[in-house]
Amino acid sequence: MPHPKILNKPLYAYTKNGKIIYIGFEMYGGEMCEGLLEEIGEYLEGRRRSFSFEPDLSVYPMKVRVVLEYIYKNLRFGEVITYGEIARVLDLHPRFVGYALSKNRHLILIPCHRVISKNGLGGFSAGLDIKRFLLRVEGIKIYPSLYP
């Protein structure tokens with residue numbers, strides 16, 4: 001089965017001891033998780049809104065884990081939230097929320113692409129073109145004047 005691609009970049013998903021430890025554009029250690037890659041392909045084609053796999057959150061430091069777990073458990077397909085809104089809920093600084101998102105090794109599964117700035121798109125460790133692409137997959141309208 002070919003790897004799903006985002007903007008011609010192949011995605012990889014790896015497990016270790018039966019848990020998802022990485023989803024992204026780089027080769028990584030562990031066993032390839034073909035089942036998750038198949039589900040991600042369905043998601044990218046608009047045929048799936050959730051996944052049957054869970055991320056291994058133990059790979060993150062505790063304070064980062066709190067942010068990523070909140071996003072994983074609370075942000076649903078097609079929803080967005082701001083860094084500031086997450087910061088208020090978790091009693092953190094919005095910049096720390098951005099920092100925690102930059103450490104996400106579970107692209108799409110922990111949907112940090114759904115977190116935006118109050119003034120626009122915000123950042124994204126995989127690149128803003130990929131963030132825009134993923135938001136469009138979920139039907140979130142991106143207005144160029146608001147999201148440079």
_Residue-by-residue Karplus 3J(HN,Hα) for segment 95-108, coefficients 6.51, -1.76, 1.60, Hz, glycine and proline x_ = 5, 5, 4, x, 4, 4, 5, 5, 8, 5, 9, 10, 3, 6
*Which percent of Cα-Cα pairs in the chain sits in each 10 Å bin, short to long?*
11, 43, 36, 9, 0
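Can you show me the helix-derived [θ] at 222 nm for the chain, built from DSSP H runs with n ≥ 4 at -39,500 (n - 2.57) apiece and divided by the number of residues, rounded to the nearest 500.
Here the helix-only value at 222 nm equals -10000 deg cm²/dmol.
In what sequence, highest mean first, do 10-19, 47-56 appear when ranked by Cβ atoms within 10 angstrom? Walk me through the numbers on the way to the answer.
Working: 10-19: 16.1, 47-56: 13.5.
Most protected by this proxy first, the peptides run 10-19, 47-56.
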_Skipping prolines and chain starts, which residues have an amide H placed within reach, meaning under 5 Å, of the one on H106, given they are 5 or more residues away or on another chain?_
I23
*Could you state the accessible area per residue of the chain in Å², with a 1.4 Å probe and every protein chain left in place?*
55
*Report, to the nearest whole %, how much of the accessible area of the chain belongs to carbon and sulfur atoms, 1.4 Å probe, protein only.*
50
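The values are calculated or read from the model by the stated rules, or taken from the named source; none is laboratory data. Because the structure is predicted, anything quoted here is derived from the model rather than measured. No Cβ is skipped: glycine too gets one built from the backbone with ideal geometry, and neighbour counts run over all protein chains shown. Accessible surface areas use protein heavy atoms only, side chains included; no ligands, DNA or RNA. Shrake-Rupley method; radii C 1.70, N 1.55, O 1.52, S 1.80 Å.
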